[in-house]
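*Asks:* Before I ask anything, here is the structure I am working with.
The values are calculated or read from the model by the stated rules, or taken from the named source; none is laboratory data. Being a predicted model, the structure only gives us computed values, none of them experimental. Every residue, glycine among them, receives a Cβ derived from its backbone with ideal geometry; neighbour counts consider all protein chains shown. Accessible surface areas use protein heavy atoms only, side chains included; no ligands, DNA or RNA. Shrake-Rupley method; radii C 1.70, N 1.55, O 1.52, S 1.80 Å.
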Amino acid sequence: MPLLNKVRTAVSGGPGGDTATRSLPRLRSALTLFFALDGFLFAGWVVRIPAVKQQTGASAGDLGLALLGVSAGAVITMTLTGRLCRRYGSHAVTVATAVLLSLSVALPALTRSPLALGLVLLVFGAAYGGINVAMNSAAVDLVTALRRSVMPSFHAAFSLGGMLGAGLGGLLAGSLSPTAHLAGLGVVGLALTALAGPVLLRHPSPVRHEALPASSAAASRAAGSRRTVLVFGVIALCTAYGEGALADWGALHLAQDLDAHPGVAAAGYSVFALTMTAGRLSGTALLERLGQTRTLVAGGATAAAGMLLGALAPSVWATLLGFAITGLGLANIFPVAVARAGAVAGPSGVATASTLGYGGMLLGPPSIGFLADWFSLPVALTTVAVLAAGAAAMGYWARNAGVAGQS
């Protein structure tokens, strides 16, 4: 195993051995809560965007520029959080960024201009990017210590938190102002951080990240690690591209190209999100049965086939089936790619893969829009299938990189 991710394990029966072993389930529960909290807070903000737009008097163009604050803050912070995790530990950084995310989620509702909205979203995006890198780094370390492929369960918690946040936000949108709603989300976030944070702060990471010795062989291994991390980062980008594309364009495809009822069209992304969540909940069993490489290849191939059906099928129900298959296929690609990058290069690997993956989420919607203008929306959506197939090919090519048990 690379020195960058060397495991420090206590000898059974030795000092601290039993304590370290007993702490792992508590760490897993606390980390799962942070993943769910992240999805819950972000989704809660997203459903109030229309109300905040009206409150600030922003045009569509102004809102688009303001929302870039989330992306800019996240990308900038993601590139720095890996270093912070190495210096202060991923557990401490996770707790700190959770506090910042909980506080900053309330800020957009307090703004009265597009400029002010963009500035507070820069802070919110920084917190969002930071917690994603920090908690994924902590999760990678825990997966290494547990010696079980439980990474998909954390991302399933994120998906479930997002579904809960969006559903609750939809129910409260008619009765609560954005200010009260987002402030309430902040209070919930701080309360859950106070509940789970001490667990992370009391128990250090079970993995020690060491510097490689200064030698030409070590430099060569480091260069190889960087190339491997980039490959897994691009794999994460490919799957996040599909998530972003279906979130923004799936309903429009159903309504515009297939004349689906508005309610049915709105269900398109819900079907995709539901099967993705189900796929992640069963991801650990799938990884233990197939291994990481087969899971990547099978997932990419399944998503490619599903998206071809979803983009080109002539009927609404066949398209919904295609979206469902795509969700199942993409479900475990991102968590596996991030875990493999973290196993190769520690927190910096997680930061690189997460940044590229988030870039894919941002790249997907505008790319689909441009291609739809040039060709058609169904043709544009086939790029999701192309990138999913590319992720499968890259996963197979990188089958010998990283950690054992990947075949």
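*Asks:* Within region 363-373, is there a residue that is part of a helix (DSSP H, G or I), surrounded by 24 or more Cβ atoms within 10 Å (Cβ to Cβ) and either at pLDDT below 85 or hydroxyl-bearing (Ser, Thr, Tyr) (or both)?
*Replies:* yes
Okay, residues lined up against (1) modelled with pLDDT of 90 or more; (2) polar (S, T, N, Q):
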site	(1), (2)
229	yes, no
236	yes, no
242	yes, no
247	no, no
267	no, no
278	yes, no
293	yes, yes
296	yes, no
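*Asks:* Can you pull out the residues in region 285-334 that are polar (S, T, N, Q), surrounded by fewer than 24 Cβ atoms within 10 Å (Cβ to Cβ) and assigned to a helix (DSSP H, G or I)?
*Replies:* If the condition is that a residue be polar (S, T, N, Q), surrounded by fewer than 24 Cβ atoms within 10 Å (Cβ to Cβ) and assigned to a helix (DSSP H, G or I), then 293, 302 are the ones that fit.
*Asks:* Answer yes or no: is there a residue in region 388-404 that is surrounded by fewer than 19 Cβ atoms within 10 Å (Cβ to Cβ), modelled with pLDDT under 85 and in contact with a Lys or Arg (Cβ under 8 Å, 6 or more places away or on another chain).
*Replies:* Checked against the condition, which is being surrounded by fewer than 19 Cβ atoms within 10 Å (Cβ to Cβ), modelled with pLDDT under 85 and in contact with a Lys or Arg (Cβ under 8 Å, 6 or more places away or on another chain), region 388-404 yields at least one hit.
*Asks:* Still on this structure: Can you spot a residue in region 58-71 that is crowded, with 16+ Cβ neighbours inside 10 Å, over 18 Å from the mean Cα position of the chain (by Cα), at pLDDT below 95 and in a loop (DSSP other than H, G, I, E, B)?
*Replies:* Yes - at least one qualifying residue is present in region 58-71.
*Asks:* If you don't mind, there's one more thing I want to ask. Would you be able to say whether some residue in region 83-100 is modelled with pLDDT of 90 or more, in a helix (DSSP H, G or I), within 24 Å of residue 169 (Cα to Cα) and open to solvent by less than 10 Å² (accessible area, probe 1.4 Å)?
*Replies:* Yes, region 83-100 contains at least one residue that is modelled with pLDDT of 90 or more, in a helix (DSSP H, G or I), within 24 Å of residue 169 (Cα to Cα) and open to solvent by less than 10 Å² (accessible area, probe 1.4 Å).
*Asks:* In addition: Given the criteria modelled with pLDDT under 90 and in a helix (DSSP H, G or I), does residue 44 qualify?
*Replies:* When the stated conditions are applied, residue 44 passes them.
*Asks:* Right, something else. Would you point out which residue out of 116, 96, 127, 109 is aliphatic (A, V, I, L, M) and more than 30 Å from residue 54 (Cβ to Cβ)?
*Replies:* Result: 96 is the single residue among 116, 96, 127, 109 that is aliphatic (A, V, I, L, M) and more than 30 Å from residue 54 (Cβ to Cβ).
*Asks:* Quick one: is residue 196 at pLDDT 90 or above and either more than 19 Å from the chain's Cα centre (by Cα) or open to solvent by 10 Å² or more (accessible area, probe 1.4 Å) (or both)?
*Replies:* yes
*Asks:* For residues that are among the β-branched types (Val, Ile, Thr) and either under 16 Å from the mean Cα position of the chain (by Cα) or buried (at least 24 other Cβ atoms within 10 Å of the Cβ) (or both), scanning just region 113-142, find the one that is nearest to residue 45 (Cα to Cα).
*Replies:* 131
*Asks:* Among the residues of region 143-172, count how many are open to solvent by 50 Å² or more (accessible area, probe 1.4 Å), aliphatic (A, V, I, L, M) and within 17 Å of residue 273 (Cβ to Cβ).
*Replies:* 4
*Asks:* Residue check: is residue 182 more than 27 Å from residue 108 (Cβ to Cβ), among the aliphatic types (A, V, I, L, M) and open to solvent by less than 50 Å² (accessible area, probe 1.4 Å)?
*Replies:* no
*Asks:* Looking at region 67-125, which of its residues are among the basic types (Lys, Arg) and without any contact (Cβ under 8 Å) to a residue 24 or more places away in the chain?
*Replies:* Within region 67-125, 87 is the sole residue that qualifies.
*Asks:* Follow-up. Here is a check on your reading of the model: is residue 349 of a type outside the set (S, T, N, Q) and surrounded by 24 or more Cβ atoms within 10 Å (Cβ to Cβ)?
*Replies:* When the stated conditions are applied, residue 349 passes them.
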